[in-house]
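To start, the structure under review is shown below, and the notes come after it.
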Amino acid sequence: MAAYVIVQVGVREPAKFEAYRAQVPATLKKFGGEFIVRGGAMEVLEGEWAYPRCVVIRFPDMKSAKAWHASPEYAGPKALRQASADANMIVVEGV
């Protein structure tokens, strides 16, 4: 069953965050990840959304999504994101 990593992002340091964005796509390939949403125009229809940016990444399954997040391939980019942005991240099974 597919799994989706959903991220809310508030960028604090744009230059560092751009370096992160440039590195992430290569880290997804090994785990079958693909961007479904990567930024773009967004409007909150109901409730509250913590940060102004949204990212959705589809993986073949939960195991692949979690392996990507914990992988050596993503460790460097993840450190850049954590240093340059505030974020909420979840992984959820989908259809």
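Just a few scattered comments:
- Size of electric dipole in segment 55-95: Cβ of Lys, Arg +1 and of Asp, Glu -1, about Cα centre, debye, nearest 20: 40 debye
- Here the dipole of segment 10-95 is about 420 debye; that uses its Cα centre as origin and unit charges on the Cβ of Lys and Arg (positive) and Asp and Glu (negative).
- The trypsin sites (Lys or Arg not before Pro) found in segment 2-95 that occupy coil by DSSP, while having at most 11 further C-beta atoms within 10 Å, are ARG12.
- Full-extension gain in nm, GLU13 to VAL95, via 0.36 nm per residue minus C-alpha separation: 26.0 nm
- Inter-centroid distance (Cα atoms) of segment 1-32 relative to segment 58-95, Å: 7 Å
- Relative contact order, percent, the chain [alpha-carbon distance under 8 Å, six or more residues apart]: 54 percent
- In a DSSP loop and with at most 16 other Cβ atoms within 10 Å, the GluC sites (Glu not before Pro) in segment 1-55 are GLU43, GLU46, GLU48.
The numbers here are math on the coordinates, done by the rules we state, and not lab data. Everything quoted here is computed from the prediction, not taken from an experiment. Cβ: placed from backbone, ideal geometry, glycine included. Neighbour counts: every protein chain shown.
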